[in-house]
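To keep things clear, I will list the structure first and then write my remarks on it.
The values are calculated or read from the model by the stated rules, or taken from the named source; none is laboratory data. All values derive from a computational prediction rather than experimental measurement. When we count neighbours, we look across all protein chains shown, and the Cβ atoms used for this are built from the backbone with ideal geometry, even at glycine. SASA here: full protein model, heavy atoms, side chains in, ligands and nucleic acids out. Shrake-Rupley method; radii C 1.70, N 1.55, O 1.52, S 1.80 Å.
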Amino acid sequence: VSRFEGVTMAPPDPILGVSEAFRADTNDLKLNLGVGAYRTEELQPYVLNVVKKAEKLMLERGENKEYLPIEGLAAFNKVTAELLFGADNSVIQEGRVATIQGLSGTGSLRLAAAFIHRYFPDAKALISSPTWGNHKNIFNDARVPWSEYRYYDPRTVGLDFDGMVADIKAAPDGSFVLLHGCAHNPTGIDPTPEQWEKIADVIQEKNHIPFFDVAYQGFASGSLDADAYSVRLFVRRGFELLVAQSYSKNLGLYAERIGAINVVCSSSDAGTRVKSQLKRLARPMYSNPPVHGARIVANVVGDPNLFNEWKQEMELMAGRIKNVRQRLYENLSEKDKSGKDWSFVLKQIGMFSYTGLHKAQSDHMTDKWHIYMTKDGRISLAGLSLSKCEYLADAIIDSFH
Ligand SMILES: Cc1ncc(COP(=O)(O)O)c(CN[C@@](C)(CC(=O)O)C(=O)O)c1O
């Protein structure tokens, strides 16, 4: 008898499964607003010019394919921490950051979760409600128990700040609070600077450990520094904390799987010990990370001209999404006679709009309009063109009837 007979079919992934369904659709009106992947106005994937230039340089240099160290490419680890904290930050100057190149944001989150499970076996993770769906999978598979803190308020289509603070306060001391550094996924709603201060207060009061997920630095507002505001605030306030990074969106390196986990420690000695234990966890997990994406990041950030061009391209991508938000808002406001307030489309930041549409409505959008989105009502504006906004607006309004 087959030994694998008992293996059941896994359900499709709530986000990546939408792309599978989209690919299977043959209708040429189809629109993929599921996975958060940037598309141009022509709805094509976008390889940044600086990436092409960096790869050309790398090819000419004829680099080898030797294993990287477990912790990854040293040049990448240096620039990724400097991008996040600012090169002049005291945590960098004092060598208090343990940085490990990870398999993009997901792999970095997973390595951190393994570290939490091993060194804080009684600690819980606190994740926002809603959050990026894969956060639950990562903590479940790393055997880190989690609970949710209130985040989205459907009544105001805004942040349930009081609920968030209350739930963080009610959690057991020393919990790991998972925070989206910028461009919250899926809601696109970020705390204000004043709210970040109060969130820091309650985390400090409870001896919680901040754990930032920074998957959109520079991509949300177009500014690397502005999008690092929350992380740098907590560092300035003296927290020890973790930060997972991803270059999937801001440098378009989705399939290169390049990111990092950074652990800010109270001393460089602690940082050295933390780094050694992260390496010990990484070795049996994937041994050492892929070199190509790390070299691209190191080359782009390491060359002043390429770095400046990258910043311009990020502003271009963020700007296109802002234009799409504006056009979609206008189309919805003009066409919808129900008096519904669509201003949340403009207020939300990043690549997503959390529309509040129910599962039945998103199913209708797919079945009748061939528009693919996640069942929680999230649409990726990065997959939308100006010319398709009217079509989407018609479909959204139609889904209410
Ligand atoms: C908040 C957040 N963290 C981490 C990641 C991980 O991305 P990476 O592993 O490629 O670095 C994503 C990507 N979320 C996407 C854009 C894609 C996905 O679901 O994997 C999304 O559609 O939500 C994310 O939105």
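Taking a cut-off of 18 Å between Cα atoms, list the lysines near Lys56, but don't count ones fewer than 8 places away on the same chain.
Lys65
Which pairs, out of Lys311/Lys375; Lys206/Lys322; Lys198/Lys340; Lys30/Lys347; Lys53/Lys78; Lys30/Lys340, put more than 30 Å between their alpha-carbon atoms?
Lys311/Lys375; Lys206/Lys322; Lys198/Lys340
Can you tell which of Ser147, His135, Gly174 lies farthest toward the positive end of the dipole of region 104-182, using +1 and -1 charges on the Cβ of basic and acidic side chains (Lys, Arg; Asp, Glu)?
His135
Would you mind getting the accessible area per residue of region 48-133, heavy atoms of the protein chains only, 1.4 Å probe, in Å²?
46
Looking at region 192-289, what % of its DSSP beta bridges pair antiparallel, to the nearest 5?
Of those bridges, close to 60 percent are antiparallel.
Could you let me know the centre-to-centre spacing of region 85-137 and region 305-335, using Cα atoms, in angstrom?
When both Cα centres are located, 29 Å separates them.
Please give me the summed charge of the neighbours of Gly158: other residues whose Cβ is under 14 Å from its Cβ, Lys and Arg +1, Asp and Glu -1.
Every neighbour counted, the sum reads -2.
Taking the Cα atoms only, what angle lies between the long axis of helix 161-170 and the longest principal axis of the chain, rounded to 10 degrees?
Roughly 40 degrees, rounded to the nearest 10.
Mind checking which of Tyr119, Val297, Thr99 is farthest towards the positive end of the chain's charge dipole, using Cβ charges of +1 (Lys, Arg) and -1 (Asp, Glu) about the Cα centre?
The listed residue farthest towards the positive side: Tyr119.
Counting only C-alpha contacts under 8 Å and six or more residues apart, can you give the relative contact order of the chain as a whole percent?
25
Return the carbon/sulfur percentage of the accessible area of region 29-86, one whole number, probe 1.4 Å, all protein chains in place.
Roughly 59 percent, rounded to a whole number.
Considering only the other residues whose Cβ falls under 10 Å of the Cβ of Phe400, what net charge follows from Lys and Arg at +1 and Asp and Glu at -1?
So the environment of Phe400 carries a net charge of -1.
How big is the gap, in Å, between the Cα center of region 149-174 and the Cα center of region 230-266?
23
Going highest first, how would you order 81-93, 39-51, 231-243 by mean Cβ packing within 10 Å?
Order by mean packing, descending: 231-243, 81-93, 39-51.
What share of the DSSP beta bridges in the chain is antiparallel, in percent to the nearest 5?
Antiparallel bridges make up about 50 percent of those DSSP assigns within the chain.
Pull up the cross-link candidates among the aspartates and glutamates for Lys337, meaning alpha carbon to alpha carbon under 18 Å and not fewer than 8 places away within one chain.
Straight-distance partners of Lys337: Glu390, Asp394, Asp398.
If you place +1 on the Cβ of every Lys and Arg, -1 on the Cβ of every Asp and Glu, and leave all else neutral, what size is the dipole of the chain about its Cα centre, to the nearest 20 Debye?
Around 760 debye, computed over the chain.
With unit charges on the beta carbons (Lys and Arg positive, Asp and Glu negative) and the dipole taken about the Cα centre of region 1-103, which residue among Gly72, Ala10, Asn89 sits farthest to the positive side?
So the residue we want is Gly72.
Based on Cβ point charges of +1 for Lys and Arg and -1 for Asp and Glu, what charge dipole magnitude is obtained for region 1-134 about its Cα centre, in debye rounded to the nearest 20?
The calculated dipole for region 1-134 is roughly 180 debye.
Highest mean first, what order results for 102-113, 273-284 on Cβ atoms within 10 Å?
Sorting 102-113, 273-284 by mean packing, highest first, produces 102-113, 273-284.
With charges only on Cβ, +1 for K and R and -1 for D and E, what is the dipole size of region 6-63 about its Cα centre, in debye, rounded to 20?
Roughly 180 debye for region 6-63.
Which angle between 0 and 90 degrees, to the nearest 10, do you get for helix 304-335 versus the longest principal axis of the chain when only C-alpha atoms count?
30
Would you calculate, for the chain, the mean residue ellipticity at 222 nm contributed by helices, counting each DSSP H stretch of 4 or more residues as -39,500 (n - 2.57) and dividing by all residues, to the nearest 500?
Mean residue ellipticity, 222 nm, calculated: -14000 deg cm²/dmol.
May I ask you to order 262-272, 155-165 by the average number of other C-beta atoms within 10 Å around their residues, highest value first?
Packing proxy ranking, top to bottom: 262-272, 155-165.
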